[in-house]
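For reference, the structure discussed in these notes is given below.
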Amino acid sequence: MKNLTSIEEGKTNAIISYLTIIGTIVAIVLNNSSKNAFASFHIRQNIGLNIFLILNSWFISRIFGNFGSFIVWALIVVLWFIGLMGAINGDEKKSPIVGDLFQDWFKSI
């Protein structure tokens, strides 16, 4: 079981990270002064989702058109919602399929 104090201390930054790309940047800055494992987990998850959103708008929409881009966007929104609810509830819920990748790719955060 995770340290409940650590989760409570990092919960605000974790939730902020899901509020737009600017929220992610703010959460990174706030988390740099005193690293919190719970907040770092959620920041890494949301950085990955933000990157997927950017790739979706740049590449998927050009290759597969608006309908394909909408399908990918809808899947990303579902993953975002899972992550946000995990942050609110104090859980470290990885995004299905890609969550482990996000944790590995952004482990320095």
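Please find, in a Gaussian network model of the chain (springs between Cα atoms separated by less than 10 Å), the residue of F70, F59, F41 whose mean-square fluctuation is greatest.
F59
At 222 nm, what helix-only mean residue ellipticity would the chain give, in deg cm²/dmol to the nearest 500, using -39500 (n - 2.57) for each DSSP H run of four or more? Walk me through the numbers on the way to the answer.
On the way: 5 runs with 83 residues, N = 109.
Estimated from H runs of four or more residues: -25500 deg cm²/dmol.
State the label only: which of (i) 105; (ii) 125; (iii) 93 corresponds to volume of the Cα convex hull per residue in Å³ computed from the shown model?
Evaluating volume of the Cα convex hull per residue in Å³ on these atoms matches (iii).
So what are the ³J(HN,Hα) numbers for the range 28-37, from phi and the Karplus equation (6.51, -1.76, 1.60; θ = phi - 60°), rounded to whole Hz, Gly and Pro as x?
4, 4, 5, 7, 5, 5, 9, 4, 10, 4
Extension gain N89-L75, at 0.36 nm per residue separation less the Cα-Cα distance, in nm?
Working: separation 14, 0.36 × 14 = 5.04 nm, distance 2.12 nm.
Length gained between N89 and L75: 2.9 nm.
Only Cα pairs within less than 10 Å get springs; with that Gaussian network setup on the chain, which residue of I54, I43, I28 has the largest fluctuation?
Maximum among the listed residues: I54.
Test of understanding: in a Gaussian network model of the chain with alpha carbons linked when under 10 Å, which of A37, A14, A27 would top the mean-square fluctuation ranking?
Between A37, A14, A27, it is A37 that shows the largest mean-square fluctuation.
We did not get these values from a lab; they are worked out from the coordinates using the rules stated. No experiment lies behind these values; they were computed from the predicted model shown.
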